[in-house]
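Scroll down for the structure; my scribbles are underneath it.
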Amino acid sequence: MTDKKKVLVQVKDLVQTFNAGKKNEVKAIQDVTFDIYEGETLGLVGESGSGKTTTGRAIIRLYDPTSGEVLFEGKDIAKLKNGSKEMLDFRRQTQMIFQDPYASLNPRMKVKDIIAEGLDIHHLVNSEKERDDRVAELLEEVGLNADHSTRYPHEFSGGQRQRIGIARALAVEPKFIIADEPISALDVSIQAQVVNLMKDIQDKQGLTYLFIAHDLSMVKYISDRIAVMHYGKIVELASSDEVYNHPLHPYTESLLSAIPEPDPDTERLRVPIPYDAAKVEDDRPRKMVEVYPGHFVFAAEDEIQGYKDAAAKAHAND
Amino acid sequence: MDRILDVKDLAIDFATFAGPVHAIRHVSFHLDKGETLAIVGESGSGKSVTMRTVMGLLANNASITSGEVLLEGDDILKKSEKEMNAMRGNDVAMIFQDPMTSLDPTMTIGKQVAEPLLLHNDISKKAALKEAVRTLELVGINDAESRLNDYPHQFSGGQRQRIVIAIAIINHPKILIADEPTTALDVTIQAQIIHLLKDLQTKIDTAIIFITHDLGVVAGIADRVEVMYAGKIIEYGDVDEVFYNPQHPYTWGLLEAMPTLETKRDRLFAIPGTPPDLLDPPKGDAFAPRNPFAMQIDTEQEPPFFPVSPTHYAATWLLHPDAPKVEVPEEIKRRWGIWAAKHPAKEAD
């Protein structure tokens, strides 16, 4: 990662608490801090309930943050007023692709109306013809036939629906796309098609992605950098090679040791490393510390040196 | 080896408004005592339907148009509903994909685990609950006795799947069918459940049929593997044979499409296109339209099974003696290399 890269999204000490002050209070994410650079793909991994989706939704301001801030191009999005021009503009520049291609498309709308909804809201087209042309262009961009625009979602397969969801997100020419588990509902052979499509579009349009997933091998493939979440906190953040080759936080080590590979010999020898939360999740204050250039770990004061030594040792063997 | 299940020439149609969907198109396979057979395929390939037939759980619009399913020599397709009820949960048990929906939310765990025992055996409630505690401990639920009166929502996803497994194994079934049992779970929990299933298999001596689309999981658990596509088995063999000496282009595609942690290419390999419509299955090899190695004959005539070894068969015309040699993908070459290194003698000819 070069230092010259421009920061597009800055997340600072973000806290999201649901039912605050009540008996059923949930601290979904705590003190989450990270940057997303323009043009990169940041992968966000973690088990269910770790706060990945909440983080994504907070960044796109589907929630009002409890504390902390999210800056998009330097502007605090929590301060944008609903209905204001700035808010509308922010909504155009950030788009989302959802997990379930069956639930995320309105079954009673034609494909062209689903895709063009954003165009209408943001007044990006001036005539019916321009609208149809733009929809046709978008459908072709995601590998679908332009003739399909008058069909309804149920006429498409899961992979095709996910392509429609991508076309809808692209319609308003966003800068930043949050993809929340965009491939986990798809078959293996279709997953690769959708991931390739997302990569192609990124190369062409210079998009920035936040790619949320629990399938670690796919995340490694698509991401430039990876953030690992556990219990509402980011525990490790580094370039994707760095996270996979030199994991430092015990949770990351445990997670990586459990990924099955399509190789019987490897699997026969696999010994998953159990994760002992007690060791690294006591009540001591912890923060993200850069223990090696570009490699951050969530650590307490007295743990820092240990991580630094481990990182230096791992790199000595490179 | 003792054969416990023999499925012969099974064909199943589903009646729909558009006409019959040929979901299973003449499938034959067998299962030996104590082994783990993995069935791999995409959604719609027929893997779940095949297993539901073995459980006698087909939907009302399904009709079995040919074949037999022999459980220790008895054709279960000829059994009455009463006989099937005696078999289900006793000789053959099933674990479903989603542990959130396969437990009854209004019934205590103790009752749910003891239920199959009470249904199939002449046993007192007290004794059944005692056995439920033992089984729950076997599947790794700590302090099971004090949790018998808890409800499913009081357990985590991984624990719920353990409870589902306890229900399935309490009668020591001869066959345990696991339909994507780890798909809904996180990767660390998935590893624990797979370890548990392997461990249980040695303890209660059951044969396991493991349905999944995750080849990583298959590599870790299976003794033998069957690959299904468009309602047919297209390749089967021992786990090493299918992973290191694959022969069918569809198997190649599946193996190539999985990014391993080492993958660092610009693009992922993707099998082009989508599976065929089984309302009107294509003539010839159903995979031909998506197959870069397809020949003229693939579009005309269905390939038979060609033997690769006494235990390994693949239905592709590429194995015909007159077929041209094709340039196999890099990833498959790498796998064949591992196979050759393991079997130097066979490589000589």
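Rounded to two decimal places and with Rh computed the Kirkwood way over Cα pairs, what is Rg over Rh for the protein assembly as shown? Please report the intermediate quantities before stating the final value.
On the way: Rg = 26.5 Å, Rh = 27.3 Å.
On the Cα set of the protein assembly as shown, Rg over Rh gives 0.97.
Rounded if a/c is under 1.5, else prolate if a/b beats b/c, else oblate: with a ≥ b ≥ c from the C-alpha gyration tensor eigenvalues square-rooted, which is region B:125-190?
Taking the square roots of the gyration eigenvalues as a ≥ b ≥ c, region B:125-190 is oblate.
Would you mind giving the mean number of other chain beta-carbons within 10 Å of the Cβ of each residue in B:209-218, as a whole number?
Rounded to a whole number, the mean comes out at 3.
Rounded to the nearest 5, what is the percent of antiparallel bridges among the DSSP beta bridges in the protein assembly as shown? Mind dumping the intermediate values first?
Values: 61 of 98 bridges.
Here the share of antiparallel DSSP bridges comes out near 60 percent.
Please average, across the residues of A:183-196, the number of beta carbons from any other chain that are within 10 Å of each residue's own beta carbon, and give a whole number.
Working: counts 0, 1, 1, 2, 11, 13, 16, 8, 6, 10, 7, 2, 5, 5.
Across A:183-196, the average partner-chain Cβ count within 10 Å equals 6.
Once every DSSP H run of n ≥ 4 in the protein assembly as shown is given -39500 (n - 2.57) and the sum is divided by its residues, what mean residue ellipticity at 222 nm do you get, rounded to the nearest 500 deg cm²/dmol? Numbers along the way, then the final one.
Values: 24 runs with 233 residues, N = 667.
-10000 deg cm²/dmol, from helical runs alone.
Counting DSSP beta bridges with both partners in chain B, what percentage is antiparallel, nearest 5?
The antiparallel proportion sits near 65 percent.
Expressed as a rounded percentage, what relative contact order does region B:218-349 have, with Cα pairs under 8 Å and six or more residues apart? Before the final figure, lay out each step's value.
Numbers: 160 pairs, mean separation 34.2, N = 132.
26 percent.
Looking at chain A as a GNM with Cα springs under 10 Å, which of A:Gln162, A:Gln202, A:Gln193 has the largest mean-square fluctuation?
A:Gln193
To make sure I understand the rule: partners must be lysines, Cα under 16 Å from the Cα of B:Lys325, and not fewer than 8 residues away in the same chain. Which ones qualify?
Within the straight-line limit of under 16 Å, B:Lys325 reaches these lysines: B:Lys333.
Given a Förster distance of 41 angstrom, what is the FRET efficiency for A:Thr150 paired with A:Asp13, based on the Cβ-Cβ distance and rounded to 0.05? Don't skip to the answer; put the middle values down first.
Working: r = 48 Å, r/R0 = 1.18.
Efficiency for this residue pair is about 0.25.
Between region B:99-127 and region B:273-335, how many Å separate their Cα centres?
Taking the Cα centre of each part, region B:99-127 and region B:273-335 sit 47 Å apart.
Can you pull the mean other chain C-beta count within 10 Å for peptide B:29-36?
0
Classify region A:77-128 from the C-alpha gyration tensor, please: rounded if a/c falls under 1.5, else prolate or oblate depending on whether a/b exceeds b/c.
oblate
Taking the Cβ of each residue in A:Val280, A:Val228 as the centre, tally the other Cβ atoms inside 10 Å and list the residues starting with the fewest.
Lowest to highest Cβ neighbour count: A:Val280, A:Val228.
Given the options B:Ile76, B:Val218, B:Asn121, identify the residue whose Cα lies farthest towards the positive end of the charge dipole of chain B (+1 on Cβ of Lys, Arg; -1 on Cβ of Asp, Glu).
The Cα lying farthest towards the positive end belongs to B:Asn121.
Could you list the residues of region B:219-250 with an amide nitrogen less than 15 Å from a label point located 7 Å from the Cα of B:Phe305 in the Cα-to-C-beta direction?
Output list for this probe position: B:224-229, B:232-239, B:242, B:247-248.
Could you list log10 I(q)/I(0) for region B:1-65 at q = 0.13, 0.22 Å⁻¹, which the Debye formula gives when each Cα is one point scatterer?
-0.39, -0.98
Give, rounded to the nearest 20 debye, the magnitude of the charge dipole that the protein assembly as shown has about its Cα centre when Lys and Arg contribute +1 at Cβ and Asp and Glu contribute -1 at Cβ.
Computed about the Cα centre, the dipole is about 1460 debye.
Along the positive direction of the dipole of chain B (beta-carbon charges: Lys, Arg +1; Asp, Glu -1; about the Cα centre), which of B:Gly89, B:Gly56, B:Met100 reaches farthest?
About the Cα centre, the residue reaching furthest to the positive side is B:Met100.
Indicate the gyration tensor shape class of chain B (rounded, prolate or oblate), computed on the Cα atoms with a ≥ b ≥ c the square roots of the eigenvalues: a/c under 1.5 is rounded; otherwise a/b larger than b/c is prolate and the rest oblate. Could the numbers behind the result be given before it?
Working: a/c = 2.01, a/b = 1.60, b/c = 1.26.
It comes out prolate by the Cα gyration axes.
No solvent, one uniform scatterer per C-alpha: report log10 I(q)/I(0) for region B:249-347 via the Debye equation at q = 0.10, 0.12, 0.15, 0.20 1/Å, two decimals.
Result of the Debye calculation: -0.34, -0.49, -0.75, -1.20.
Roughly what would the spin-label model give for B:Lys203 and B:Ser28, points 7 Å off Cα along C-beta, in nm?
Taking the two extended label points, one gets 3.8 nm.
Would you work out the charge dipole size for region A:157-220 about its Cα centre, treating the Cβ of every Lys and Arg as +1 and the Cβ of every Asp and Glu as -1, and quote it to the nearest 20 debye?
My answer is approximately 140 debye.
At R0 = 35 Å, how high is the FRET efficiency between B:Thr106 and B:Asp9 if r is their beta carbon distance? Nearest 0.05 is fine.
The formula returns an efficiency of 0.25 here.
Go ahead and run the numbers for FRET between A:His123 and A:Glu290, Cβ-Cβ distance against an R0 of 60 Å, rounding to 0.05.
Computed FRET efficiency for A:His123 and A:Glu290 comes out at 0.85.
List the trypsin sites (Lys or Arg not before Pro) within region B:47-118 that fall in a DSSP loop (any state other than H, G, I, E or B) and whose Cβ has at most 16 other Cβ atoms within 10 Å. It would help to have the intermediate numbers written out before the result.
Numbers: sites: B:Lys47, B:Arg52, B:Lys78, B:Lys79, B:Lys82, B:Arg88, B:Lys111; in loops: B:Lys79.
Passing sites in region B:47-118 are B:Lys79.
Roughly speaking, what is the centre-to-centre gap between region A:208-246 and region A:104-140 when only Cα atoms are used, to the nearest Å?
33 Å
May I ask you to give the average projected area over all directions of the convex hull of the Cα atoms of region A:7-316, in nm² rounded to one decimal?
Computing the convex hull of the Cα atoms and averaging its projections yields 18.5 nm².
Of the listed pairs B:Lys130/B:Lys174; A:Lys75/A:Lys308; A:Lys5/A:Lys287, which have alpha-carbon separations greater than 28 Å here?
Check vs 28 Å cut-off fails for A:Lys75/A:Lys308.
Bear in mind that the values in this text are calculations on the coordinates, not laboratory data. The structure displayed is predicted, hence computed values, not measured ones. Positions of Cβ are generated from backbone atoms using ideal geometry, with glycine treated the same way; all protein chains shown enter the neighbour counts.
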